[in-house]
Amino acid sequence: MEQLSQSLCRLKLAGMVKSLDIRSKEAIERKLSYSEFLELLLEDEMSNREINSLKKRNAKAHLPHQKSLEEYDFNFQPQINKKLIFELATVKFIEKKENIIFMGQPGTGKTHLAAAIGRKALLAGYRVLFTTVSEMIDNLNQSKADGTYYRKLQYYLQPDLLILDELGFKPLSQHTVHDFFEIISKRYEQKSIIITSNKSFEEWDSIFFDKVLATAIIDRLVHHCYPIMIKGESFRVKEHKNTRGRN
């Protein structure tokens, strides 16, 4: 058994190594055949690899919190199409290279929904990256200074799902809007994007410095897209009122 364990280690079959002793005892007690014993070990190896893969993808995703879709208070935002949200949570839109845009005032749960759908995508085996728009733009600007721009560009192009939070909190300048367009245009019909914004489409002209690029960006984002407007009250305002009421 020790020699077998060492051989499995050399082959980097960590899942098999972890369960070898208990599976051996199980095989003896249940009088399993060699093929049944091997099948159990292979299942353990595949399960271990899936768990490790999820851990790695979760660490790289940088999702902001652990809140789930089931925790979202749809009763507080009754105008949202709950059926559509849960359909999007099946993450079939990623396979179709479609986008989602959540729009609404701060505190209405846009980031919560985006992150929750991102977590569902991770569980489905997809690569996900969450970032604010300002953080992405700052990183791209810094990469131009140290000569790593194209490497950093790939960092935002490779994930199956890119979640861009807080579009519209800061207007983009002349040089940064080109970087934003580069990301959007290269992911267009290739990879999915979720965007959260505190502004409606009619107000997006104020976000982008260049009106021509603004039109091009909106055109690519809206094509194959699920635009979702949240018009309800802020969750944070609600919690503040409840806290004051208890005091």
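The figures follow:
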quantity	calculated
All-pairs alpha carbon distance profile, segment 1-78, 5 Å steps from 0, percent	3, 13, 17, 15, 12, 8, 8, 8, 7, 4, 3, 1, 0
Residues Lys12 and His65, FRET efficiency given R0 of 30 Å [Cβ-Cβ distance, rounded to 0.05]	0.35
For the chain, size of Cβ-based charge dipole, Lys and Arg +1, Asp and Glu -1, in debye	300
Residues Glu166, Glu189 arranged by fewest to most Cβ contacts within 10 Å	Glu189, Glu166
Exceeding the 30 Å Cα-Cα cut-off - candidates Lys25/Lys56; Lys83/Lys170; Lys96/Lys144; Lys60/Lys97; Lys56/Lys92	Lys25/Lys56; Lys83/Lys170; Lys96/Lys144
Normalised contact order of segment 138-191, rounded percent, pairs of Cα under 8 Å and 6 or more residues apart	41
Where labels lie 7 Å past Cα in the beta-carbon direction, separation of Ser134 and Lys83 in nm	3.9
More than 22 angstrom apart: percent of Cα pairs within segment 59-181	39
Distance from segment 45-71 to segment 133-175 (C-alpha centre basis), Å	23
Backbone HN-Hα couplings from phi across segment 12-25 [Karplus 6.51/-1.76/1.60, Hz, Gly and Pro as x]	6, 9, 4, x, 5, 4, 4, 9, 4, 4, 5, 5, 5, 5
Alpha-carbon Rg/Rh ratio, for the chain, with Rh computed the Kirkwood way	1.11
Furthest towards positive pole of dipole, Leu123, Leu84, Asn99, structure part segment 1-126, Cβ charges	Asn99
Cβ crowding within 10 Å averaged over residues, with 208-219, 46-57 ranked highest first	208-219, 46-57
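We did not get these values from a lab; they are worked out from the coordinates using the rules stated. Owing to the predicted nature of the structure, the values given are computational and were not obtained by experimental measurement. In this analysis, Cβ positions are derived from the backbone assuming ideal geometry, glycine residues included, and neighbour counts consider all displayed protein chains.
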